[in-house]
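S.K.: First the structure, then my questions, so here it is.
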Amino acid sequence: MSRELSKDFLWGGATAANQLEGGYLEGGKGLTSVDLIPHGEQRFAVTAGELHYSEVAEGSHFPSHEAIDFYHHYKEDIALFAEMGMKSYRFSMAWSRIFPTGFESEPNEEGLKFYEAVIDELLKYGIEPVVTINHFDVPKTLIDELGSWRDRRMVDLFVNYATALFNRYKGKVKYWISFNEINMLLHLPFMGAGIYLGDLSEAERTQVLYTAAHHELLASAKITKVLREIDPEAKMGSMLAAGEYYPYSSNPEDVWAANLSNRDNYFFIDVQAGGEYPEWAKIMFENEGIDIRITAEDEEILRENTVDYITFSYYSSRVSKAEISSDDMVTGNAFKGVKNPYLKESEWGWAIDPLGLRTTMNALWDRYRKPLFIVENGLGAVDKVEADGSINDDYRIEYLKAHINTFMDAVEEDGIPLWGYTPWGIIDLVSAGTGEMSKRYGLIYVDRQDDGSGDLHRSKKKSFDWYKEVIETNGQAA
Ligand code: BG6
(Lines give C-alpha, C1' and ligand atoms only; values in the text may rest on other atoms or scores of the structure.)
Protein backbone atom coordinates (compact mmCIF):
# COMPACT_ATOMS: atom_id res chain seq x y z
CA MET A 1 0.00 0.00 0.00
CA SER A 2 1.29 3.43 -0.80
CA ARG A 3 -0.21 6.73 0.29
CA GLU A 4 -0.08 10.03 -1.52
CA LEU A 5 0.04 13.55 -0.26
CA SER A 6 -3.49 14.66 0.48
CA LYS A 7 -5.00 17.01 -2.11
CA ASP A 8 -5.34 19.52 0.75
CA PHE A 9 -1.63 19.32 1.56
CA LEU A 10 -0.56 22.72 2.86
CA TRP A 11 2.30 23.70 0.56
CA GLY A 12 3.49 27.07 1.69
CA GLY A 13 6.28 29.20 3.04
CA ALA A 14 7.41 30.48 6.44
CA THR A 15 8.69 33.71 7.98
CA ALA A 16 8.79 35.45 11.37
CA ALA A 17 7.74 38.96 12.38
CA ASN A 18 11.10 40.10 13.70
CA GLN A 19 12.93 38.98 10.59
CA LEU A 20 10.73 40.55 7.95
CA GLU A 21 8.24 43.14 9.19
CA GLY A 22 10.37 46.15 10.06
CA GLY A 23 8.17 49.06 11.20
CA TYR A 24 9.62 48.33 14.61
CA LEU A 25 8.01 51.32 16.29
CA GLU A 26 5.07 51.82 13.96
CA GLY A 27 1.43 51.30 14.81
CA GLY A 28 2.15 51.65 18.51
CA LYS A 29 4.51 48.64 18.61
CA GLY A 30 6.83 48.41 21.62
CA LEU A 31 10.48 47.38 21.54
CA THR A 32 11.28 43.69 21.78
CA SER A 33 14.28 41.54 22.64
CA VAL A 34 15.12 41.04 18.97
CA ASP A 35 15.09 44.80 18.31
CA LEU A 36 18.03 45.01 20.71
CA ILE A 37 20.19 42.40 18.95
CA PRO A 38 22.76 43.98 16.64
CA HIS A 39 24.27 42.74 13.42
CA GLY A 40 27.99 42.11 13.73
CA GLU A 41 30.50 40.85 16.23
CA GLN A 42 28.44 41.28 19.38
CA ARG A 43 25.41 39.45 18.02
CA PHE A 44 26.22 35.98 19.25
CA ALA A 45 27.08 37.10 22.80
CA VAL A 46 23.76 38.97 23.06
CA THR A 47 21.67 36.10 21.63
CA ALA A 48 23.41 33.66 23.98
CA GLY A 49 22.44 35.83 26.96
CA GLU A 50 26.10 36.54 27.78
CA LEU A 51 26.22 40.24 26.91
CA HIS A 52 23.54 42.64 28.10
CA TYR A 53 21.89 44.61 25.33
CA SER A 54 22.73 47.87 27.08
CA GLU A 55 26.41 47.12 26.39
CA VAL A 56 25.99 46.93 22.65
CA ALA A 57 28.30 49.36 20.86
CA GLU A 58 26.82 52.71 19.91
CA GLY A 59 25.98 53.09 16.25
CA SER A 60 25.34 49.35 15.75
CA HIS A 61 22.96 48.26 13.03
CA PHE A 62 19.80 46.48 14.26
CA PRO A 63 18.44 44.47 11.33
CA SER A 64 14.95 43.89 12.76
CA HIS A 65 14.17 47.62 12.73
CA GLU A 66 13.51 47.75 9.00
CA ALA A 67 14.10 44.14 7.96
CA ILE A 68 12.44 43.79 4.53
CA ASP A 69 9.61 46.13 5.47
CA PHE A 70 6.81 43.60 5.08
CA TYR A 71 4.89 46.02 7.28
CA HIS A 72 4.41 48.23 4.23
CA HIS A 73 4.84 45.61 1.48
CA TYR A 74 2.55 42.81 2.70
CA LYS A 75 0.02 43.17 -0.11
CA GLU A 76 2.70 42.93 -2.77
CA ASP A 77 4.34 39.99 -0.99
CA ILE A 78 1.12 38.06 -0.49
CA ALA A 79 0.25 38.59 -4.17
CA LEU A 80 3.57 36.89 -5.01
CA PHE A 81 2.82 34.04 -2.56
CA ALA A 82 -0.51 33.59 -4.32
CA GLU A 83 1.15 33.63 -7.74
CA MET A 84 3.45 30.86 -6.53
CA GLY A 85 0.35 28.88 -5.64
CA MET A 86 1.03 28.77 -1.91
CA LYS A 87 -1.77 27.14 0.04
CA SER A 88 -0.50 28.23 3.44
CA TYR A 89 1.66 30.93 4.92
CA ARG A 90 3.33 30.53 8.28
CA PHE A 91 4.14 33.83 9.94
CA SER A 92 4.41 35.09 13.48
CA MET A 93 2.75 37.92 15.31
CA ALA A 94 4.84 40.32 17.34
CA TRP A 95 3.67 40.30 20.94
CA SER A 96 4.64 43.97 21.35
CA ARG A 97 2.41 45.05 18.42
CA ILE A 98 -0.55 43.78 20.42
CA PHE A 99 0.68 44.54 23.94
CA PRO A 100 3.49 47.10 23.54
CA THR A 101 4.91 46.62 27.03
CA GLY A 102 3.28 43.26 27.72
CA PHE A 103 1.53 44.67 30.81
CA GLU A 104 -1.46 46.46 29.21
CA SER A 105 -4.89 45.14 30.07
CA GLU A 106 -6.33 45.97 26.63
CA PRO A 107 -4.74 45.06 23.29
CA ASN A 108 -3.46 47.70 20.90
CA GLU A 109 -6.14 48.03 18.21
CA GLU A 110 -3.68 49.16 15.56
CA GLY A 111 -1.60 46.03 16.03
CA LEU A 112 -4.65 43.79 15.85
CA LYS A 113 -5.77 45.59 12.68
CA PHE A 114 -2.43 45.08 10.99
CA TYR A 115 -2.53 41.30 11.39
CA GLU A 116 -6.20 41.25 10.51
CA ALA A 117 -5.36 42.95 7.23
CA VAL A 118 -2.61 40.37 6.61
CA ILE A 119 -4.96 37.49 7.38
CA ASP A 120 -7.74 38.91 5.21
CA GLU A 121 -5.32 39.40 2.35
CA LEU A 122 -4.23 35.76 2.64
CA LEU A 123 -7.79 34.48 2.82
CA LYS A 124 -8.66 36.54 -0.25
CA TYR A 125 -6.31 34.26 -2.19
CA GLY A 126 -7.33 31.09 -0.36
CA ILE A 127 -4.04 30.94 1.55
CA GLU A 128 -4.37 29.32 4.98
CA PRO A 129 -2.71 31.35 7.75
CA VAL A 130 -0.50 29.29 10.09
CA VAL A 131 0.30 31.60 12.98
CA THR A 132 3.20 31.36 15.39
CA ILE A 133 2.16 33.23 18.50
CA ASN A 134 5.72 33.79 19.64
CA HIS A 135 8.75 33.57 17.40
CA PHE A 136 11.57 34.70 19.67
CA ASP A 137 10.48 38.28 20.39
CA VAL A 138 9.68 39.26 23.98
CA PRO A 139 8.52 42.81 24.85
CA LYS A 140 11.50 44.72 26.25
CA THR A 141 9.53 45.96 29.25
CA LEU A 142 8.94 42.37 30.35
CA ILE A 143 12.67 41.72 30.13
CA ASP A 144 13.52 44.83 32.12
CA GLU A 145 10.83 44.41 34.77
CA LEU A 146 10.56 40.63 35.13
CA GLY A 147 13.68 39.15 33.63
CA SER A 148 11.44 37.58 30.99
CA TRP A 149 10.39 33.92 31.29
CA ARG A 150 12.28 33.26 34.53
CA ASP A 151 9.32 34.99 36.22
CA ARG A 152 6.06 33.10 36.61
CA ARG A 153 4.00 36.22 35.98
CA MET A 154 4.94 35.83 32.30
CA VAL A 155 2.52 32.92 32.04
CA ASP A 156 -0.64 34.98 32.59
CA LEU A 157 0.65 37.88 30.52
CA PHE A 158 1.21 35.50 27.64
CA VAL A 159 -2.24 34.00 28.12
CA ASN A 160 -3.69 37.54 27.85
CA TYR A 161 -1.81 38.08 24.62
CA ALA A 162 -2.85 34.76 23.06
CA THR A 163 -6.44 35.20 24.22
CA ALA A 164 -6.62 38.56 22.45
CA LEU A 165 -5.45 36.86 19.24
CA PHE A 166 -7.90 33.97 19.53
CA ASN A 167 -10.83 36.31 20.19
CA ARG A 168 -9.97 38.54 17.26
CA TYR A 169 -9.00 35.93 14.64
CA LYS A 170 -11.42 33.19 15.64
CA GLY A 171 -12.78 31.41 12.58
CA LYS A 172 -10.06 32.89 10.36
CA VAL A 173 -6.94 31.16 11.72
CA LYS A 174 -7.17 27.39 12.06
CA TYR A 175 -3.54 26.56 12.69
CA TRP A 176 -1.72 28.03 15.67
CA ILE A 177 1.77 27.34 16.98
CA SER A 178 2.62 28.44 20.52
CA PHE A 179 6.40 28.97 20.69
CA ASN A 180 8.79 28.78 17.78
CA GLU A 181 11.61 26.30 18.41
CA ILE A 182 10.79 26.12 22.09
CA ASN A 183 13.97 24.13 22.74
CA MET A 184 16.06 27.13 21.59
CA LEU A 185 15.52 28.55 25.07
CA LEU A 186 18.23 26.22 26.39
CA HIS A 187 20.71 27.04 23.61
CA LEU A 188 20.32 30.75 22.87
CA PRO A 189 18.34 32.06 25.86
CA PHE A 190 18.16 35.71 24.86
CA MET A 191 17.25 35.04 21.24
CA GLY A 192 14.91 32.22 22.20
CA ALA A 193 13.23 33.68 25.25
CA GLY A 194 14.58 37.13 26.16
CA ILE A 195 16.68 35.73 29.01
CA TYR A 196 19.92 37.40 30.01
CA LEU A 197 22.21 35.15 32.06
CA GLY A 198 25.24 37.38 32.51
CA ASP A 199 27.72 35.94 34.94
CA LEU A 200 25.46 33.40 36.67
CA SER A 201 27.15 30.19 37.76
CA GLU A 202 26.48 26.99 35.85
CA ALA A 203 24.07 25.77 38.55
CA GLU A 204 22.20 29.09 38.59
CA ARG A 205 21.89 29.04 34.81
CA THR A 206 20.38 25.58 34.84
CA GLN A 207 17.92 26.67 37.51
CA VAL A 208 16.89 29.77 35.53
CA LEU A 209 16.61 27.98 32.20
CA TYR A 210 14.49 25.07 33.40
CA THR A 211 12.29 27.39 35.42
CA ALA A 212 11.74 29.46 32.28
CA ALA A 213 11.10 26.25 30.37
CA HIS A 214 8.39 25.29 32.83
CA HIS A 215 6.76 28.69 32.47
CA GLU A 216 6.71 28.42 28.68
CA LEU A 217 5.35 24.87 28.84
CA LEU A 218 2.66 25.92 31.27
CA ALA A 219 1.78 28.95 29.14
CA SER A 220 1.56 26.76 26.07
CA ALA A 221 -0.83 24.33 27.81
CA LYS A 222 -2.93 27.17 29.19
CA ILE A 223 -3.38 28.84 25.83
CA THR A 224 -4.27 25.48 24.30
CA LYS A 225 -7.10 25.28 26.82
CA VAL A 226 -8.21 28.83 26.00
CA LEU A 227 -8.10 28.15 22.26
CA ARG A 228 -10.35 25.11 22.67
CA GLU A 229 -12.87 27.24 24.56
CA ILE A 230 -12.83 30.13 22.10
CA ASP A 231 -12.45 28.28 18.80
CA PRO A 232 -12.89 24.51 19.14
CA GLU A 233 -12.22 23.96 15.43
CA ALA A 234 -8.74 25.46 15.58
CA LYS A 235 -5.57 23.42 16.20
CA MET A 236 -2.61 24.11 18.46
CA GLY A 237 0.85 22.86 17.56
CA SER A 238 4.19 22.62 19.32
CA MET A 239 7.36 23.60 17.45
CA LEU A 240 10.75 21.93 17.78
CA ALA A 241 14.13 22.76 16.29
CA ALA A 242 14.46 19.17 15.16
CA GLY A 243 17.19 17.05 13.60
CA GLU A 244 17.92 13.56 14.82
CA TYR A 245 21.25 12.92 16.55
CA TYR A 246 23.22 10.08 14.99
CA PRO A 247 25.88 8.21 16.94
CA TYR A 248 29.29 9.07 15.52
CA SER A 249 30.17 5.37 15.44
CA SER A 250 28.86 2.02 16.58
CA ASN A 251 30.88 2.40 19.78
CA PRO A 252 28.20 1.89 22.46
CA GLU A 253 29.46 5.05 24.17
CA ASP A 254 28.68 7.07 21.05
CA VAL A 255 25.30 5.37 20.70
CA TRP A 256 24.48 6.27 24.28
CA ALA A 257 25.67 9.84 23.75
CA ALA A 258 23.28 10.15 20.79
CA ASN A 259 20.48 8.68 22.87
CA LEU A 260 21.05 11.32 25.54
CA SER A 261 21.18 14.14 23.03
CA ASN A 262 17.92 13.04 21.43
CA ARG A 263 16.28 12.70 24.80
CA ASP A 264 17.34 16.24 25.75
CA ASN A 265 16.11 17.59 22.46
CA TYR A 266 12.68 15.99 22.87
CA PHE A 267 12.31 17.27 26.44
CA PHE A 268 9.87 20.08 25.57
CA ILE A 269 7.75 18.11 23.14
CA ASP A 270 7.53 15.20 25.55
CA VAL A 271 5.69 17.60 27.84
CA GLN A 272 3.66 19.41 25.18
CA ALA A 273 2.57 16.24 23.39
CA GLY A 274 2.73 13.70 26.22
CA GLY A 275 1.40 15.92 29.00
CA GLU A 276 4.05 15.23 31.61
CA TYR A 277 7.71 15.63 32.37
CA PRO A 278 9.78 12.62 31.40
CA GLU A 279 11.02 10.55 34.35
CA TRP A 280 14.68 11.18 33.51
CA ALA A 281 14.06 14.92 33.74
CA LYS A 282 12.44 14.64 37.16
CA ILE A 283 15.44 12.64 38.38
CA MET A 284 17.81 15.15 36.83
CA PHE A 285 16.01 18.07 38.54
CA GLU A 286 16.33 16.29 41.86
CA ASN A 287 19.95 15.26 41.44
CA GLU A 288 21.00 18.72 40.31
CA GLY A 289 18.99 20.49 42.99
CA ILE A 290 16.80 22.27 40.44
CA ASP A 291 13.64 23.49 42.14
CA ILE A 292 11.04 24.49 39.59
CA ARG A 293 7.98 24.65 41.81
CA ILE A 294 5.67 22.60 39.64
CA THR A 295 2.31 22.60 41.40
CA ALA A 296 -0.29 19.83 41.26
CA GLU A 297 -2.49 22.25 39.34
CA ASP A 298 0.32 22.83 36.81
CA GLU A 299 0.60 19.09 36.31
CA GLU A 300 -3.11 18.82 35.65
CA ILE A 301 -3.03 21.67 33.14
CA LEU A 302 -0.10 20.08 31.30
CA ARG A 303 -1.79 16.69 31.27
CA GLU A 304 -5.14 17.92 29.99
CA ASN A 305 -3.97 20.33 27.31
CA THR A 306 -1.58 18.58 25.00
CA VAL A 307 -1.04 19.79 21.45
CA ASP A 308 -2.97 18.65 18.39
CA TYR A 309 -0.02 18.41 16.04
CA ILE A 310 3.76 18.57 16.02
CA THR A 311 5.50 21.17 13.93
CA PHE A 312 9.25 21.34 13.53
CA SER A 313 12.11 22.94 11.69
CA TYR A 314 14.57 20.69 9.95
CA TYR A 315 17.81 21.99 8.50
CA SER A 316 20.05 19.00 9.16
CA SER A 317 20.70 15.97 11.28
CA ARG A 318 23.26 16.13 14.09
CA VAL A 319 25.98 13.84 15.41
CA SER A 320 26.89 12.83 18.97
CA LYS A 321 30.19 11.48 20.13
CA ALA A 322 31.19 10.41 23.62
CA GLU A 323 34.56 12.11 23.51
CA ILE A 324 34.64 15.28 21.49
CA SER A 325 37.69 17.27 20.49
CA SER A 326 37.49 20.76 19.01
CA ASP A 327 38.46 19.37 15.57
CA ASP A 328 35.20 17.43 15.49
CA MET A 329 32.98 20.48 15.55
CA VAL A 330 30.73 21.95 12.90
CA THR A 331 28.20 24.84 13.07
CA GLY A 332 24.47 24.65 12.41
CA ASN A 333 21.26 26.18 13.68
CA ALA A 334 22.63 27.20 17.10
CA PHE A 335 23.40 23.57 17.81
CA LYS A 336 27.15 23.26 17.50
CA GLY A 337 27.87 19.65 16.86
CA VAL A 338 30.20 16.99 15.62
CA LYS A 339 31.04 16.98 11.93
CA ASN A 340 29.47 14.18 9.94
CA PRO A 341 32.13 12.97 7.47
CA TYR A 342 29.45 11.68 5.11
CA LEU A 343 27.72 14.99 4.55
CA LYS A 344 28.40 18.15 2.57
CA GLU A 345 27.80 21.49 4.22
CA SER A 346 26.23 24.78 3.19
CA GLU A 347 28.28 27.95 2.82
CA TRP A 348 27.50 28.60 6.49
CA GLY A 349 28.70 25.14 7.52
CA TRP A 350 25.29 23.55 8.08
CA ALA A 351 25.31 19.87 7.13
CA ILE A 352 22.95 18.90 4.30
CA ASP A 353 21.12 15.63 4.92
CA PRO A 354 17.80 15.07 3.14
CA LEU A 355 17.47 11.48 4.33
CA GLY A 356 17.86 12.73 7.89
CA LEU A 357 14.49 14.44 7.43
CA ARG A 358 12.85 11.05 6.95
CA THR A 359 14.70 9.66 9.97
CA THR A 360 13.58 12.65 12.03
CA MET A 361 9.96 12.34 10.89
CA ASN A 362 9.92 8.66 11.79
CA ALA A 363 11.37 9.40 15.21
CA LEU A 364 8.76 12.10 15.87
CA TRP A 365 5.89 9.96 14.64
CA ASP A 366 6.98 6.88 16.58
CA ARG A 367 7.35 8.92 19.74
CA TYR A 368 4.20 11.05 19.62
CA ARG A 369 1.72 9.56 17.14
CA LYS A 370 0.42 13.01 16.26
CA PRO A 371 0.27 14.56 12.79
CA LEU A 372 3.40 16.38 11.70
CA PHE A 373 3.88 19.69 9.89
CA ILE A 374 7.30 20.74 8.55
CA VAL A 375 7.24 24.46 9.18
CA GLU A 376 10.88 25.27 8.37
CA ASN A 377 13.44 23.82 6.00
CA GLY A 378 15.70 25.54 3.51
CA LEU A 379 19.14 26.57 2.36
CA GLY A 380 20.82 29.80 3.37
CA ALA A 381 23.05 30.80 0.46
CA VAL A 382 24.58 33.79 -1.29
CA ASP A 383 22.61 34.64 -4.44
CA LYS A 384 24.04 36.35 -7.48
CA VAL A 385 21.87 38.80 -9.38
CA GLU A 386 22.78 38.55 -13.08
CA ALA A 387 22.99 41.56 -15.36
CA ASP A 388 19.49 40.85 -16.65
CA GLY A 389 18.18 40.68 -13.06
CA SER A 390 17.73 36.90 -13.02
CA ILE A 391 18.85 34.75 -10.10
CA ASN A 392 19.70 31.17 -10.97
CA ASP A 393 19.53 29.46 -7.60
CA ASP A 394 19.86 25.86 -8.77
CA TYR A 395 21.57 24.95 -5.48
CA ARG A 396 18.40 25.95 -3.60
CA ILE A 397 16.20 23.98 -5.98
CA GLU A 398 18.45 20.97 -5.50
CA TYR A 399 18.25 21.27 -1.71
CA LEU A 400 14.48 21.68 -1.59
CA LYS A 401 13.86 19.00 -4.20
CA ALA A 402 15.86 16.43 -2.22
CA HIS A 403 14.01 17.24 0.99
CA ILE A 404 10.59 17.22 -0.67
CA ASN A 405 11.27 13.82 -2.21
CA THR A 406 12.33 12.53 1.18
CA PHE A 407 9.26 13.69 3.04
CA MET A 408 7.08 12.30 0.27
CA ASP A 409 8.74 8.93 0.87
CA ALA A 410 7.97 9.28 4.56
CA VAL A 411 4.32 9.86 3.72
CA GLU A 412 4.00 7.30 0.95
CA GLU A 413 6.13 4.49 2.32
CA ASP A 414 6.21 5.04 6.08
CA GLY A 415 2.57 6.16 6.31
CA ILE A 416 3.33 9.28 8.35
CA PRO A 417 0.52 11.86 8.44
CA LEU A 418 2.00 15.16 7.29
CA TRP A 419 -0.20 18.24 7.07
CA GLY A 420 2.09 20.60 5.24
CA TYR A 421 5.46 21.98 4.26
CA THR A 422 6.42 25.64 4.63
CA PRO A 423 10.05 26.18 3.60
CA TRP A 424 11.87 28.83 5.59
CA GLY A 425 12.32 32.34 4.44
CA ILE A 426 10.13 31.90 1.39
CA ILE A 427 11.02 35.53 0.80
CA ASP A 428 14.54 36.77 1.67
CA LEU A 429 14.70 38.03 5.23
CA VAL A 430 17.12 38.73 8.07
CA SER A 431 19.07 35.70 9.31
CA ALA A 432 18.27 35.02 12.96
CA GLY A 433 21.69 33.58 13.70
CA THR A 434 23.94 36.09 11.97
CA GLY A 435 21.71 39.11 11.32
CA GLU A 436 22.81 39.01 7.70
CA MET A 437 20.65 39.59 4.64
CA SER A 438 23.26 37.87 2.48
CA LYS A 439 22.35 34.50 4.00
CA ARG A 440 19.32 34.21 1.74
CA TYR A 441 16.68 31.48 1.92
CA GLY A 442 14.04 33.06 -0.31
CA LEU A 443 12.42 32.00 -3.53
CA ILE A 444 11.65 35.69 -3.80
CA TYR A 445 14.63 38.03 -3.79
CA VAL A 446 14.59 41.28 -1.84
CA ASP A 447 17.05 44.04 -2.63
CA ARG A 448 18.23 44.67 0.87
CA GLN A 449 21.87 44.22 1.86
CA ASP A 450 23.73 43.52 5.11
CA ASP A 451 24.49 47.20 5.72
CA GLY A 452 20.84 48.19 5.28
CA SER A 453 21.26 49.48 1.71
CA GLY A 454 19.02 48.40 -1.18
CA ASP A 455 15.71 49.63 -2.57
CA LEU A 456 13.67 46.69 -1.20
CA HIS A 457 12.27 45.73 -4.59
CA ARG A 458 11.15 42.13 -4.90
CA SER A 459 11.98 39.76 -7.77
CA LYS A 460 11.42 36.09 -8.53
CA LYS A 461 14.31 33.66 -8.39
CA LYS A 462 14.49 30.58 -10.61
CA SER A 463 13.26 28.55 -7.62
CA PHE A 464 10.01 30.56 -7.65
CA ASP A 465 8.77 28.99 -10.89
CA TRP A 466 10.11 25.59 -9.92
CA TYR A 467 8.22 25.58 -6.59
CA LYS A 468 5.08 26.82 -8.34
CA GLU A 469 5.16 23.74 -10.51
CA VAL A 470 5.85 21.49 -7.53
CA ILE A 471 2.74 22.86 -5.84
CA GLU A 472 0.64 22.59 -9.01
CA THR A 473 1.54 18.92 -9.34
CA ASN A 474 1.19 18.21 -5.60
CA GLY A 475 4.86 17.30 -5.38
CA GLN A 476 5.17 15.20 -8.52
CA ALA A 477 7.38 17.77 -10.26
CA ALA A 478 9.95 17.67 -7.44
C1 BG6 B 1 15.35 28.70 12.83
C2 BG6 B 1 14.53 29.88 13.24
O3 BG6 B 1 16.21 28.43 13.89
O4 BG6 B 1 16.23 28.80 11.77
C5 BG6 B 1 14.47 31.00 12.21
O6 BG6 B 1 13.23 29.51 13.63
C7 BG6 B 1 15.81 31.12 11.54
O8 BG6 B 1 14.06 32.16 12.86
C9 BG6 B 1 16.11 29.82 10.82
O10 BG6 B 1 15.90 32.21 10.68
C11 BG6 B 1 17.37 29.83 9.99
O12 BG6 B 1 18.45 30.26 10.78
P13 BG6 B 1 19.38 31.46 10.33
O14 BG6 B 1 20.30 31.68 11.46
O15 BG6 B 1 20.08 30.99 9.10
O16 BG6 B 1 18.48 32.60 10.07
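The values are calculated or read from the model by the stated rules, or taken from the named source; none is laboratory data. Just so you know, these numbers come straight off a predicted model, no measurement behind them. Ideal geometry is used to build each Cβ from the backbone, glycine not excepted, and the neighbour counts take in all protein chains shown.
S.K.: Residue check: is residue 149 closer than 23 Å to residue 276 by Cβ, touching a His at 6+ places or on another chain (Cβ under 6 Å) and of a type outside the set (Asp, Glu)?
M.R.: Details: closer than 23 Å to residue 276 by Cβ: yes; touching a His at 6+ places or on another chain (Cβ under 6 Å): yes; of a type outside the set (Asp, Glu): yes.
Yes: the conditions hold for residue 149.
S.K.: If you don't mind, there's one more thing I want to ask. Those residues that are within 16 Å of residue 411 (Cβ to Cβ) and buried (at least 16 other Cβ atoms within 10 Å of the Cβ), I need them from the range 338-358; list them, please. Reasoning before the result, please.
M.R.: At the first step, the residues of the range 338-358 found to be within 16 Å of residue 411 (Cβ to Cβ) are 354-355, 357-358.
If the condition is that a residue be within 16 Å of residue 411 (Cβ to Cβ) and buried (at least 16 other Cβ atoms within 10 Å of the Cβ), then 354, 357, 358 are the ones that fit.
S.K.: Which of the residues that make up the range 276-302 are part of a loop (DSSP other than H, G, I, E, B) and not hydrophobic (A, V, I, L, M, F, W, C)? Write out each step before concluding.
M.R.: The first filter runs over the range 276-302 and keeps only residues part of a loop (DSSP other than H, G, I, E, B), leaving 276-278, 288-295.
If the condition is that a residue be part of a loop (DSSP other than H, G, I, E, B) and not hydrophobic (A, V, I, L, M, F, W, C), then 276, 277, 278, 288, 289, 291, 293, 295 are the ones that fit.
S.K.: Still on this model: Checking residue 25 against (1) under 26 Å from residue 90 (Cβ atoms); (2) buried (at least 18 other Cβ atoms within 10 Å of the Cβ), which test does it fail?
M.R.: (2)
S.K.: Right, another one. Of the residues 407, 312, which is buried (at least 20 other Cβ atoms within 10 Å of the Cβ), of a type outside the set (Asp, Glu) and either part of a strand (DSSP E or B) or within 14 Å of the ligand (Cβ to nearest atom) (or both)?
M.R.: On the way: 407 fails: either part of a strand (DSSP E or B) or within 14 Å of the ligand (Cβ to nearest atom) (or both).
Of the residues listed, the single one that is buried (at least 20 other Cβ atoms within 10 Å of the Cβ), of a type outside the set (Asp, Glu) and either part of a strand (DSSP E or B) or within 14 Å of the ligand (Cβ to nearest atom) (or both) is 312.
S.K.: With 276, 297, 288 as the choices, which residue is away from the ligand (no atom under 16 Å from the Cβ) and either in contact (Cβ under 8 Å) with a residue 40 or more places away in the chain or among the hydroxyl-bearing types (Ser, Thr, Tyr) (or both)?
M.R.: Working: 276 fails: either in contact (Cβ under 8 Å) with a residue 40 or more places away in the chain or among the hydroxyl-bearing types (Ser, Thr, Tyr) (or both); 297 fails: either in contact (Cβ under 8 Å) with a residue 40 or more places away in the chain or among the hydroxyl-bearing types (Ser, Thr, Tyr) (or both).
Result of the check over 276, 297, 288: 288.
S.K.: Return yes or no: is residue 91 in contact with an Asp or Glu (Cβ under 7 Å, 6 or more places away or on another chain) and either small (Gly, Ala, Ser) or at pLDDT 95 or above (or both)? Walk me through it before giving the result.
M.R.: Numbers: in contact with an Asp or Glu (Cβ under 7 Å, 6 or more places away or on another chain): no; either small (Gly, Ala, Ser) or at pLDDT 95 or above (or both): yes.
When the stated conditions are applied, residue 91 does not pass them.
S.K.: Please find, among 316, 249, the residue that is under 20 Å from the mean Cα position of the chain (by Cα) and not hydrophobic (A, V, I, L, M, F, W, C). Lay out the reasoning, then the answer.
M.R.: Values: 249 fails: under 20 Å from the mean Cα position of the chain (by Cα).
Going through 316, 249 in turn, the sole match is 316.
S.K.: So which residues in the range 129-180 are touching a Gly at 6+ places or on another chain (Cβ under 8 Å) and either surrounded by fewer than 19 Cβ atoms within 10 Å (Cβ to Cβ) or of a type in the set (Ser, Thr, Tyr) (or both), if there are any at all?
M.R.: 141, 148, 161, 175, 178
S.K.: Quick check: anything in the range 9-16 within 16 Å of the ligand (Cβ to nearest atom), in contact with a helix residue (DSSP H, G or I) (Cβ under 7 Å, 6 or more places away or on another chain) and in contact (Cβ under 8 Å) with a residue 40 or more places away in the chain?
M.R.: If we filter the range 9-16 for residues that are within 16 Å of the ligand (Cβ to nearest atom), which is where we start, we get 12-16.
Now restrict to residues that are in contact with a helix residue (DSSP H, G or I) (Cβ under 7 Å, 6 or more places away or on another chain): 13.
Adding the requirement that they be in contact (Cβ under 8 Å) with a residue 40 or more places away in the chain leaves 13.
Yes, the range 9-16 contains a residue that is within 16 Å of the ligand (Cβ to nearest atom), in contact with a helix residue (DSSP H, G or I) (Cβ under 7 Å, 6 or more places away or on another chain) and in contact (Cβ under 8 Å) with a residue 40 or more places away in the chain.
S.K.: Does the range 121-138 contain at least one residue that is in contact with a strand residue (DSSP E or B) (Cβ under 9 Å, 6 or more places away or on another chain) and among the small types (Gly, Ala, Ser)?
M.R.: Taking the range 121-138 and keeping what is in contact with a strand residue (DSSP E or B) (Cβ under 9 Å, 6 or more places away or on another chain), we get 122-123, 127-138.
Checking the rest, the ones that are also among the small types (Gly, Ala, Ser) come to none.
No; the residues of the range 121-138 include none that is in contact with a strand residue (DSSP E or B) (Cβ under 9 Å, 6 or more places away or on another chain) and among the small types (Gly, Ala, Ser).
S.K.: Given the structure, is residue 430 more than 16 Å from the ligand (Cβ to nearest atom) and either β-branched (Val, Ile, Thr) or in a loop (DSSP other than H, G, I, E, B) (or both)? Give the derivation first.
M.R.: Numbers: more than 16 Å from the ligand (Cβ to nearest atom): no; either β-branched (Val, Ile, Thr) or in a loop (DSSP other than H, G, I, E, B) (or both): yes.
So residue 430 fails the test.
S.K.: Which residue is surrounded by the most Cβ atoms within 10 Å (Cβ to Cβ), if the candidates are limited to the range 1-22 and must be under 19 Å from residue 464 (Cβ atoms) and of a type in the set (Gly, Ala, Ser)?
M.R.: Out of the qualifying residues, it is 14.
S.K.: Can you name every one of the helices (runs of 4 or more DSSP H) wholly within the range 147-245 that holds 3 or more residues which are more than 23 Å from residue 299 (Cβ to Cβ) and within 16 Å of the ligand (Cβ to nearest atom)? Spell out the reasoning first.
M.R.: Numbers: elements: 153-169, 189-193, 202-230.
Ranges flagged: 189-193.
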